[in-house]
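To start, the structure under review is shown below, and the notes come after it.
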Amino acid sequence: MKKTTTILITAILITAIALSAFVVYEFYKPFQGLQGGAITVKDLQGVNVTLKAPARTVISISSGMTELIYALGCGDKIIGRDSYSIFPPAVLDKPVVALSSYNPPLEEILELKPDLLVADSMFIYGGNETRGILEKAGIAVYVDELSRPGRVKTCIRNFGILFGAEEKAEEIINFIEYYENLIQTRLASLHEGDKPKVYVELFKEWNTVAKGSVGHDLLEYVGAINIAADQPVPYPVISPEFVIEQNPDVIIRMKMAKDPDFPILWEQIMNRAELKETNAVKNGRVYLYDPIIMQGIRYPVGTLYWAKWIHPELFEDIDPEAVHRQIFSHFFGLEFEGVYVYP
Amino acid sequence: MRLNNRRDSRNSYIESKGKKLFGIFCISLVLLVTAVISVSLGAASPGFVEAVQVIFSKILPFLGIDPGSKITQFIILELRLPRILLAIIAGAGLAASGATMQGVLRNPLVSSYILGISAAAGFGAALAIALGIGVIGGVGWYLIIVNAFIFSWLAMVMVYGIARLRGVTTETIILAGVAIGYLFSALLSLIQYVAPEYEAVRAVVFWLMGGLNHATWESIMILFPIIILAIVLMVLQAWNINVMSMGEEVAMSLGVTPKRVLTITMVLETLATASIISFTGVIGFICLISPHIARMLIGSDHRFLIPCSSLIGACLLLCSDTVGRLLLQPTEIPVGIVTSLLGVPFFLYILISRRRRIWS
Amino acid sequence: MELRLTINNLSFSYGSSPVLKGVDLAVELGEVLGIVGPNGSGKSTLLKCINRILKTKHNTVFVDGKDINKLNLKELSKIMGYVPQSSLSVFPFTVFDIVMMGRTPYIHWSPSEQDYKIIAETLDFLGLNELAMRHFNELSGGEQQKVMIARALAQQPKILLLDEPTSNLDIKHQLEILYILKNLAQSKYCSIVMAIHDLNIASRFSDKMLMLKKGCIFAAGTPENVLTEENIEAVYGIKAQVTKSIMGKPQVIPLEPLSSNEASETSSRSYLLNIKSR
């Protein structure tokens, strides 16, 4: 009796395994996927993104990239966006297919079948399988990080190639480089002693930037001394006593959507007990900014504001808002609107 | 008269056994139906008819069924089907581990994460993500899986090592497991604080919530045999687990060595749970709830309980994932959140209903 | 005179504290051995040493002349059945399930027809037929105890070890169970070793008795030899009267505790006076 049961069970197991192996094999036969192409660029991950011809349709799940595509004059190629892509207003008519670049749900994207999907670095943290699946279905994937100044120009150039808008891309790059040179020239004669001490606060109280972070690199770029430069982690939460001790000359704070309005936030910081005795507050050198002016095509605006706040004497004649206006009108054909800094 | 009575007790038992097998069969049907429904639902247009067409055109190619457009095929075969299979196999594995550990540790509140595995796996994954080990480079995702897997085993080895100091018994294992769990939780929080990239921190948080969107046929091919093997071996231990749940002294008097059973089940449990976590992140409650439901339906005989629990776990996870997929389009609610929300009414129900005390 | 169970110079310590010292005993086929002694004298420990729940040295415990340390747990469980003091079932099992566990030493995966037969007969023997499909936790204390004995009997043991089998039971169940045990022994089915704290029960149902004091054997032999007023005073610290019951066995009537010192008597008297005066 025992023997027959064992034989029976083994037989069932073997059949089951064989059956599942057969089924899996049948289903596993790969799809055609992407084939080689004439156009190739390398994205943030070093992956070769290839297209046979400039993209005719694209889905953008990164707000910075959506802007960039419109600036390149290719806005009508967009057939799907993420929920954060709300500028320029023309894009609001396009269907929302994902919340953000993180773990985008694939079914709708597959059904829309764009030539190209562009995403920011959150896409990577969702897992590599997503890229694999899309490429299997014949959709190229390009990932980059427009909030990192070092990648902006590369990304613009790559987009120029991918969309067949190389000329416009060069135009944007020249625009950006003009202001980069401007800043560098004016800061060239700066001595260590002239550099003011700056405390940058991200969206949480006492959360600041240190070596290894984008914010720190920006501070160095505009010739400032970051009071928290040598902290052990890139985004440390520091103690108020440290800030008091360091006595920063300028305080810059990032404002997110969930923060109160600019004037109210400004009052809050000016009135914060620990900051009251700092040079920055005493001289009223407290500035707020919306991080959108630091990313992608708008990043000259952001850096100009920081440079001007930190070295007002060197940038007296520069009006960053005018630059911003120019971007609106020249690249998007829109009236400038919105408040991005305070005061 | 006496003769009749003797036959009666044996016959009633055989009858109850038959009922249990029938129950398992019914639940298998429920699972099948759920799977069919799930494959027919999704954000894109392919529905029931298209799904059936695609699947049958693959299984029975000689019938010449038209599979529909390439995209329809792709969505059904590359997106939905792997995901459904992953939900089934992961749910089954977690539920089986939960039932096994509850039995062997004589505690119905034990989950398959009792050995601190979830915290350790989370830490391993976080370590890989946060140190940016090859993530930007593109190869890194597999490293995250491997790391999570390695650290899960590390946790088990540590728990076993600590338990050995005082003798491998139920109490020492539970206590050691709690301690190791806390250790890795703390280390995980440390990693999140130190992580060089902001996105890395958020990614770790998301990974910990548990998600089935990385289902590919490759992951199925790796996971399927491992989990089936683990579950079968657990069921083979079922008799010993039954005996263990009566107490270690009684177990020894019946010829069962508790230390040996504990070791074997710990290894099997870690194998199943670690493999699953590596692919799906931490999905909670399935391992806790499924054995309870199964016990209410089918009793505590682990020869039936473990398979029944597996099936129920598969159903629960599949339902949770489908709900998570469809509730708030276009976004997906991570399945770990849905299962946690499931847990609340379940435990309230146990608290309130006094119908039969599930344990003493 | 077949010796079923022999114990030579058994000693056991929990860590560094000795619990049993130099215990010798012998149990014949079909004999009932009753082990008595005050709390902490080592009765439970002795039982657990016999069936290797607690490990002892080699050549200490012999069954049918064989050293139990030479057998593995499985083989041992075919020879010895153990009924612990308290029964705990964390999960809901039926009576049948639990008795079925008694067949563990003989089963590989599933019980055979033979196993089912034995289980059914055991249930029948203990009058548990109606309760077979009931849940263990829903039964009364007496019924639960019967189930535990049934489980041990299903092992077809040569020796049955019971730790306080009747402590939590009402009189009727006590008698039922003790008669069953006596029956088992007398029909030469197995030998019985039971730890009992009720001296009169031990006296009535044991063929031989062992009285332990602080882990050592104080007295051994027939109930008449062991249950003397001097022994009881020395081991339990009480004054008792030992008479002969209707059954012809010694009957112990406890009289009063022997106070350990005069001082405690006076202090307890003054305490009561204080209470009264308030």
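The values are calculated or read from the model by the stated rules, or taken from the named source; none is laboratory data. This is a predicted model, so every value here is computed, not measured. Cβ sites come from the backbone with ideal geometry, for glycine too, and all protein chains shown count toward neighbours.
Which one of these is touching a Gly at 6+ places or on another chain (Cβ under 8 Å), in a loop (DSSP other than H, G, I, E, B) and either more than 10 Å from chain C (Cβ to nearest Cβ) or surrounded by 24 or more Cβ atoms within 10 Å (Cβ to Cβ) (or both): B:GLY313, B:GLY284? Show your work before the answer.
Values: B:GLY313 fails: in a loop (DSSP other than H, G, I, E, B).
Answer to the check: B:GLY284.
What residue, of A:LEU8, A:LEU44, A:LEU13, is modelled with pLDDT of 70 or more, in a loop (DSSP other than H, G, I, E, B) and out of contact with any Pro (no Cβ under 9 Å at 6 or more places or on another chain)?
On the way: A:LEU8 fails: in a loop (DSSP other than H, G, I, E, B); A:LEU13 fails: in a loop (DSSP other than H, G, I, E, B).
Exactly one of A:LEU8, A:LEU44, A:LEU13 is modelled with pLDDT of 70 or more, in a loop (DSSP other than H, G, I, E, B) and out of contact with any Pro (no Cβ under 9 Å at 6 or more places or on another chain), namely A:LEU44.
Looking at B:LEU305, B:LEU271, which is the one that is part of a helix (DSSP H, G or I) and away from every other protein chain (no Cβ under 11 Å)?
On the way: B:LEU305 fails: away from every other protein chain (no Cβ under 11 Å).
Going through B:LEU305, B:LEU271 in turn, the sole match is B:LEU271.
Any residue in segment C:65-81 that is under 17 Å from the mean Cα position of the chain (by Cα) and part of a strand (DSSP E or B)?
Yes, some residue in segment C:65-81 is under 17 Å from the mean Cα position of the chain (by Cα) and part of a strand (DSSP E or B).
Look at B:SER9 and say whether it is touching an Asp or Glu at 6+ places or on another chain (Cβ under 9 Å), surrounded by 15 or more Cβ atoms within 10 Å (Cβ to Cβ), in contact (Cβ under 8 Å) with a residue 60 or more places away in the chain and part of a helix (DSSP H, G or I). Give the steps one after another, and end with the answer.
Details: touching an Asp or Glu at 6+ places or on another chain (Cβ under 9 Å): yes; surrounded by 15 or more Cβ atoms within 10 Å (Cβ to Cβ): yes; in contact (Cβ under 8 Å) with a residue 60 or more places away in the chain: no; part of a helix (DSSP H, G or I): yes.
Against the criterion (touching an Asp or Glu at 6+ places or on another chain (Cβ under 9 Å), surrounded by 15 or more Cβ atoms within 10 Å (Cβ to Cβ), in contact (Cβ under 8 Å) with a residue 60 or more places away in the chain and part of a helix (DSSP H, G or I)), B:SER9 does not qualify.
Within segment B:291-301, identify whether any single residue is small (Gly, Ala, Ser), closer than 13 Å to B:ALA99 by Cβ and surrounded by fewer than 24 Cβ atoms within 10 Å (Cβ to Cβ), and answer yes or no. So that I can check it myself, show each step before the final result.
Step one: list which residues in segment B:291-301 are small (Gly, Ala, Ser), which gives B:294, B:299-300.
Those left that are additionally closer than 13 Å to B:ALA99 by Cβ: B:294, B:299-300.
When the remaining residues are screened for being surrounded by fewer than 24 Cβ atoms within 10 Å (Cβ to Cβ), the result is B:299.
Within segment B:291-301, one or more residues are small (Gly, Ala, Ser), closer than 13 Å to B:ALA99 by Cβ and surrounded by fewer than 24 Cβ atoms within 10 Å (Cβ to Cβ).
Matching residues to (1) among the aromatic types (Phe, Trp, Tyr); (2) modelled with pLDDT under 90; (3) crowded, with 22+ Cβ neighbours inside 10 Å:
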position	(1), (2), (3)
A:TYR178	yes, no, no
A:THR185	no, no, no
A:GLY193	no, yes, no
A:PRO196	no, no, no
A:GLY212	no, yes, no
A:ILE225	no, no, no
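If a residue counts only when it is touching an Asp or Glu at 6+ places or on another chain (Cβ under 7 Å), which helices (runs of 4 or more DSSP H) contained entirely in segment A:181-282 have at least 2 such residues?
Numbers: elements: A:214-221, A:240-246, A:262-270, A:279-282.
Result: A:240-246, A:279-282.
What is the one condition in (1) aliphatic (A, V, I, L, M); (2) in the same structural domain as C:PHE62 (by TED's automatic domain parsing); (3) in a loop (DSSP other than H, G, I, E, B) that C:ALA132 does not satisfy?
(2)
Name every residue in segment A:108-128 that is facing another protein chain (nearest Cβ under 7 Å) and part of a loop (DSSP other than H, G, I, E, B), in order of residue number. Working first, answer last.
Step one: list which residues in segment A:108-128 are facing another protein chain (nearest Cβ under 7 Å), which gives A:108, A:110-111, A:113, A:121-122, A:124-125, A:127-128.
Those that are facing another protein chain (nearest Cβ under 7 Å) and part of a loop (DSSP other than H, G, I, E, B): A:LYS113, A:SER121, A:GLY127.
When the residues of segment C:106-136 are narrowed to those that are over 27 Å from the mean Cα position of the chain (by Cα) and of a type in the set (S, T, N, Q), which ends up farthest from the other protein chains (Cβ to nearest Cβ)?
Per the criteria, the residue is C:GLN114.
Can you tell me which residue in segment B:238-268 is surrounded by the fewest Cβ atoms within 10 Å (Cβ to Cβ), limited to those that are within 14 Å of chain C (Cβ to nearest Cβ) and under 29 Å from B:PHE123 (Cβ atoms)?
Start the filter on segment B:238-268 by keeping residues that are within 14 Å of chain C (Cβ to nearest Cβ), which leaves B:238-261.
In the following step, the residues that additionally are under 29 Å from B:PHE123 (Cβ atoms) were identified as B:259, B:261.
Details: B:LYS259: 14, B:VAL261: 21.
The qualifying residue surrounded by the fewest Cβ atoms within 10 Å (Cβ to Cβ) is B:LYS259.
Of everything in segment C:22-45, what is farther than 19 Å from C:GLN186 by Cβ and under 10 Å from the mean Cα position of the chain (by Cα)? Give them in sequence order.
C:ILE35, C:VAL36, C:LYS43, C:SER44, listed by residue number.
With the requirement that a residue be within 14 Å of another protein chain (Cβ to nearest Cβ) and in a loop (DSSP other than H, G, I, E, B), what does segment A:70-107 give you?
Residues satisfying the conditions are A:SER83, A:TYR84, A:SER85, A:LYS94, A:PRO95, A:LEU99, A:SER100, A:SER101, A:TYR102, A:ASN103, A:PRO104, A:PRO105.
Run down B:SER69, B:SER57, B:SER40, B:SER45 and say which single residue is over 28 Å from B:LEU288 (Cα atoms) and either at the interface with chain A (Cβ under 8 Å from one of its Cβ atoms) or among the aliphatic types (A, V, I, L, M) (or both).
Numbers: B:SER69 fails: either at the interface with chain A (Cβ under 8 Å from one of its Cβ atoms) or among the aliphatic types (A, V, I, L, M) (or both); B:SER57 fails: either at the interface with chain A (Cβ under 8 Å from one of its Cβ atoms) or among the aliphatic types (A, V, I, L, M) (or both); B:SER40 fails: either at the interface with chain A (Cβ under 8 Å from one of its Cβ atoms) or among the aliphatic types (A, V, I, L, M) (or both).
Among B:SER69, B:SER57, B:SER40, B:SER45, only B:SER45 is over 28 Å from B:LEU288 (Cα atoms) and either at the interface with chain A (Cβ under 8 Å from one of its Cβ atoms) or among the aliphatic types (A, V, I, L, M) (or both).
Give the residues of segment B:44-81 that are assigned to a loop (DSSP other than H, G, I, E, B), more than 23 Å from A:PRO95 (Cα to Cα) and not acidic (Asp, Glu), sorted by residue number. Lay out the reasoning, then the answer.
Our first condition is that a residue be assigned to a loop (DSSP other than H, G, I, E, B); within segment B:44-81, this holds for B:44-47, B:60, B:64-69.
In the following step, the residues that additionally are more than 23 Å from A:PRO95 (Cα to Cα) were identified as B:60, B:64-68.
Of everything in segment B:44-81, those that are assigned to a loop (DSSP other than H, G, I, E, B), more than 23 Å from A:PRO95 (Cα to Cα) and not acidic (Asp, Glu) turn out to be B:LEU60, B:GLY64, B:ILE65, B:PRO67, B:GLY68.
When you go through C:VAL90, C:VAL99 one by one, which is the residue that is modelled with pLDDT of 90 or more, in contact with a Lys or Arg (Cβ under 6 Å, 6 or more places away or on another chain) and not in a strand (DSSP E or B)? Step through it out loud before you land on a result.
Numbers: C:VAL90 fails: modelled with pLDDT of 90 or more.
Only one candidate passes the filter, namely C:VAL99.
Check segment A:147-160 and report whether any residue there is under 22 Å from B:LEU81 (Cβ atoms) and surrounded by fewer than 18 Cβ atoms within 10 Å (Cβ to Cβ).
Keep residues of segment A:147-160 that are under 22 Å from B:LEU81 (Cβ atoms), which gives none.
Looking through segment A:147-160, none of the residues is under 22 Å from B:LEU81 (Cβ atoms) and surrounded by fewer than 18 Cβ atoms within 10 Å (Cβ to Cβ).
Starting from segment A:129-143, keep only residues that are facing chain B (nearest Cβ under 10 Å) and buried (at least 20 other Cβ atoms within 10 Å of the Cβ), then list their pairs with residues that are assigned to a helix (DSSP H, G or I) and not hydrophobic (A, V, I, L, M, F, W, C) whose Cβ atoms are within a distance under 9 Å, requiring at least 6 positions of separation or different chains.
A:ILE133/B:GLU78; A:ALA137/B:LYS70; A:ALA137/B:GLU78; A:VAL143/A:ARG131
Hey, among A:ALA280, A:ALA307, A:ALA273, which residue is over 22 Å from the mean Cα position of the chain (by Cα) and crowded, with 19+ Cβ neighbours inside 10 Å?
On the way: A:ALA307 fails: over 22 Å from the mean Cα position of the chain (by Cα); A:ALA273 fails: crowded, with 19+ Cβ neighbours inside 10 Å.
None of the other options fit; the residue is A:ALA280.
Exactly one of (1) over 16 Å from A:SER147 (Cβ atoms); (2) aromatic (Phe, Trp, Tyr); (3) surrounded by fewer than 17 Cβ atoms within 10 Å (Cβ to Cβ) is unmet by A:TRP266. Its number?
Of everything listed in (1) over 16 Å from A:SER147 (Cβ atoms); (2) aromatic (Phe, Trp, Tyr); (3) surrounded by fewer than 17 Cβ atoms within 10 Å (Cβ to Cβ), A:TRP266 misses just condition (3).
I'd like the full set of residues that are buried (at least 24 other Cβ atoms within 10 Å of the Cβ), closer than 21 Å to A:GLU167 by Cβ and free of Cβ contacts under 8 Å to residues at least 40 places away in the same chain, limited to segment A:51-83.
Once the filter is applied, which keeps residues that are buried (at least 24 other Cβ atoms within 10 Å of the Cβ), closer than 21 Å to A:GLU167 by Cβ and free of Cβ contacts under 8 Å to residues at least 40 places away in the same chain, segment A:51-83 yields only A:THR66.
Condition first: farther than 23 Å from B:PHE224 by Cα, within 14 Å of chain C (Cβ to nearest Cβ) and at pLDDT below 85. Can you find one or more residues in segment B:317-331 that meet it?
So far as segment B:317-331 goes, no, none of its residues is farther than 23 Å from B:PHE224 by Cα, within 14 Å of chain C (Cβ to nearest Cβ) and at pLDDT below 85.
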